[in-house]
Amino acid sequence: QVQLVESGGGLAQAGGSLRLSCAASGSFDSIHAMGWYRQAPGKQRDVVAQITSGGTTNYADPVKGRFTISRDNAKNTVYLQMNSLKPEDTAVYSCNAEVTLRPGSQNRYRYWGQGTQVTVSS
């Protein structure tokens with residue numbers, strides 16, 4: 001019912017930049033929050049940044065000051081601008097959305113994209 005498609009991943013040099021995009025499509029009423037998560041090999045998936053529909057943001061400590069999350073509510077799209085990239089940023093980055101499927105419903109559901117690989121070389 002809800003699909004999230006990420007784009008923008010790839011290879012960057014240390015100190016470089018990448019911009020990730022995630023567009024939500026399908027059948028849903030509203031998006032309450034969207035976020036980016038990452039998982040490096042052998043490690044658990046950790047939150048990178050989150051943003052609510054009202055624009056409130058939160059960042060994980062390792063990316064504060066370097067990454068910026070933003071969204072275009074009209075396009076149901078969330079972005080992650082990644083600057084000053086470090087090799088330790090290398091991971092699969094996944095988009096997440098918390099949505100209400102039907103008007104008036106109080107039930108919220110979480111959906112995930114397939115992920116996009118970000119590799120930062122030194």
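Among the residues of region 97-113, write down those that are of a type in the set (Lys, Arg) and either in contact with a Gly (Cβ under 6 Å, 6 or more places away or on another chain) or without any contact (Cβ under 8 Å) to a residue 60 or more places away in the chain (or both).
Arg110 - this is the single residue of region 97-113 that is of a type in the set (Lys, Arg) and either in contact with a Gly (Cβ under 6 Å, 6 or more places away or on another chain) or without any contact (Cβ under 8 Å) to a residue 60 or more places away in the chain (or both).
Residues to consider are Leu11, Leu20; find the one that is outside any loop (DSSP other than H, G, I, E, B) and loosely packed, with under 13 Cβ neighbours inside 10 Å. Spell out the reasoning first.
Working: Leu20 fails: loosely packed, with under 13 Cβ neighbours inside 10 Å.
Every option except Leu11 fails the conditions.
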Practice task
Give the residue that is nearest to Glu98 (Cα to Cα), with candidates limited to residues of region 38-77 that are open to solvent by less than 30 Å² (accessible area, probe 1.4 Å) and assigned to a strand (DSSP E or B).
Solution key: Ile51
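The values are calculated or read from the model by the stated rules, or taken from the named source; none is laboratory data. Fair warning: this is a prediction, and the values are worked out from it, not measured in the lab. FYI the Cβ positions are ideal-geometry reconstructions off the backbone, even for glycines, and counts take in every protein chain you see. Heads up: the accessible areas ignore ligands, DNA and RNA and are worked out on the full protein's heavy atoms, side chains in. Shrake-Rupley method; radii C 1.70, N 1.55, O 1.52, S 1.80 Å.
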